[in-house]
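The structure appears right after this line, and notes come after that.
The values are calculated or read from the model by the stated rules, or taken from the named source; none is laboratory data. A quick note: this is a predicted structure, and the numbers were derived from the prediction, not measured. Cβ sites come from the backbone with ideal geometry, for glycine too, and all protein chains shown count toward neighbours. Calculation scope for accessible area: heavy atoms of the full protein, side chains included, ligands and nucleic acids excluded. Shrake-Rupley method; radii C 1.70, N 1.55, O 1.52, S 1.80 Å.
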Amino acid sequence: MRKIVAATAAVVLSAGLVSASPAVAGGSKPEVDTTRLTQAVQVNGVLQHLRQLQTIANRNGGNRASGLPGYEASSDYVAKTLRAAGYRVRKQTFTFPFFAENSPATLVQRTPEEKTLETGVFTYSGSGSVTGPVVPTKDVVIPASPTPSSTSGCEEADFEPAPTEPSVALVQRGTCDFGLKASNAQAAGYDAVIIFNEGNPDRTELATGTLGSPVDLPVVGLSYDDAVALVDDVRAGGATATVTTDTVTDLERETHNLIADWPRRTKHDDQVVVVGAHLDSVPEGPGINDNGTGVAGTLEIAKQLAKTGYTKKLQRPVRFAFWGAEELGLLGSQHYVDTLSDGARSKIYANLNFDMLGSPNYVRLVYDGDGSSFGTAGPAGSAQIEKVFTDYFGRARLATDPTEFDGRSDYGPFIQYGIPAGGLFSGADDVKTERQASIYGGTAGEILDPNYHTPQDDITRLNTTVLGQLTDGAAHAVATLGVSKKGLYGDGARTKVRTNATAKKAPKVTEGPAAQR
């Protein structure tokens, strides 16, 4: 999922405390006492919802993907639970280009030596089998530069003239989006495309992602090391390979977002806190960590917010949103934000996003709202949201690491419009560092969720300790933003977040918001 970069501050070990920048022991005293809510939001309650989602996946082909029956059943369960708690619930329907694999992609090098290479399909790849010579673009960067610099495949002129026989283009990740690389390869006359990772730090493993829209030729991924060996063979006299994909695309399939509001006016109805989690899984598995944990945690928070009476104290509305088609490119949340009127969009006070809260080899991650760790701050107000989380975990004497606003989850469409955002994350496909293992435990050198986007992402493989900790942090933030009289800026709830009715929409991340999912 998102990229995880180690904090630069030294590790502190003292009196049983293990902390990593930015979280430290203490933290300022909270304006809102959220104790009743965080005590009411229990792991057992979250697990009850997760067991229901697992059962739904088991009964519906092993997944809960948008456009398939498991998603509809998941939505029905969430809607029923919210209505029972007293919320008004509505569906926001939209159409989207559905994509799924019928069987896994394969990549076999035929010459000069036959070997099977680890690969994976790109979302919206075409279906078929192509055997032919492998031809790298003219501008692959091997060895890789210390920082990303490849422009491979970003222009049609980057490609050598395609052979007259069926042929396979070999393209390096970098600069432009994957879909453009595939389209340029096809325009240059190639019949299949291999996109390999760039080779810089954190860009070496098998590369897969989304093409953004359907193409009609096979597109698969490759790791940097495997690509280097393949390029060496090409340069030594040539290499051939077979690329095989078995996919289905439906351009007009229907799905929906699920939106829930508490049926009571607040003092500041023009300051809406949107709390979101994506409801869909990938077609390959049940998606219990990604993102059943975010759904179950958010659902239990909504339920207990009403049960404990915090809904009676709300200074501003709290809207719970369960997004569809996130796994295909944040399509549900993008549809929601794009289709709001300028006036309605300007009333969104903040977005909280919870996507993966129970990773087995976890790190407690908080979005870097102030930009102090990654150099790019979120929209105004994001720093204050980050502080709500880090103060909470600081008081609980629990370390956190920052994680970058890299557009890989449903906060992305909100920050494009200047809406402040924040959230929590326990890790996806990044590798745990030695420093992180010394703080959080677990295994250095292994990814944070080894079951990510696989059939093994089920209820037997969660870390319930971090699930409880992050759900409590999420509950604290929801109640704080909803109930606080001072608001994010400390000068009273009368302060509006911003006037963004005419704000220019920021450009999207070049390789697609879900490109590295």
For region 94-182, what is the convex hull volume of its Cα atoms per residue in Å³? 153
Can you work out ³J(HN,Hα) from phi for every residue in region 104-114, in order, using Karplus 6.51 cos²θ - 1.76 cosθ + 1.60 and θ = phi - 60°, giving whole Hz and x for Gly and Pro? x, 5, 10, 9, 10, 7, 8, 9, x, 9, 7
Write out the chymotrypsin sites (Phe, Trp or Tyr not before Pro) in region 298-376 meeting two conditions: DSSP loop, and at most 16 other Cβ atoms within 10 Å of their Cβ. Phe374
Region 369-379 - phi-based ³J(HN,Hα) in whole Hz, Karplus 6.51/-1.76/1.60, Gly and Pro as x: x, 8, x, 5, 9, 10, x, 10, 7, x, x
Which GluC sites (Glu not before Pro) from region 353-460 combine a DSSP loop assignment with at most 15 other Cβ atoms within 10 Å? Glu446
Amide H partners (placed H, <5 Å) of Ala192, local residues excluded: Ser167, Ala169
Phi to ³J(HN,Hα) by Karplus 6.51 cos²θ - 1.76 cosθ + 1.60 over region 202-211, Hz, x for Gly, Pro: 6, 10, 10, 6, 3, 9, 9, x, 10, 8
Note the per residue figure in Å³ for the convex hull of the C-alpha positions in region 219-287. 218
Give the peptides 176-184, 224-232 in descending order of average Cβ contacts within 10 Å, highest first. 176-184, 224-232
What accessible area per residue, rounded to a whole number of Å², is obtained for region 272-418 using a probe radius of 1.4 Å? 22
The size of the Cβ-based charge dipole (Lys, Arg +1; Asp, Glu -1) of the chain about the Cα centre, to the nearest 20 debye, is 3460
Taking the Cα centre of region 337-494 as the origin, how large is its charge dipole in debye, to the nearest 20, when only Lys and Arg (+1) and Asp and Glu (-1) carry charge on their Cβ atoms? 720
Nearest-ten-degree value, helix 294-307 long axis tilted from longest Cα axis of the chain: 10
Computed for region 21-110: size of charge dipole around the Cα centre, +1 on C-beta of each Lys and Arg, -1 on C-beta of each Asp and Glu, debye to nearest 20, value 200
Once the Cα atoms of helix 464-483 and of the chain are each reduced to a long axis, what angle between those two axes, in degrees from 0 to 90 to the nearest 10, is obtained? 60
Using a 1.4 angstrom probe on heavy atoms only, work out the carbon and sulfur share of the accessible area of the chain in %. 50
Hey, what does the equivalent ellipsoid look like for the chain, semi-axes from the Cα gyration tensor as sqrt of 5 times each eigenvalue, largest first, whole Å? 40, 24, 21
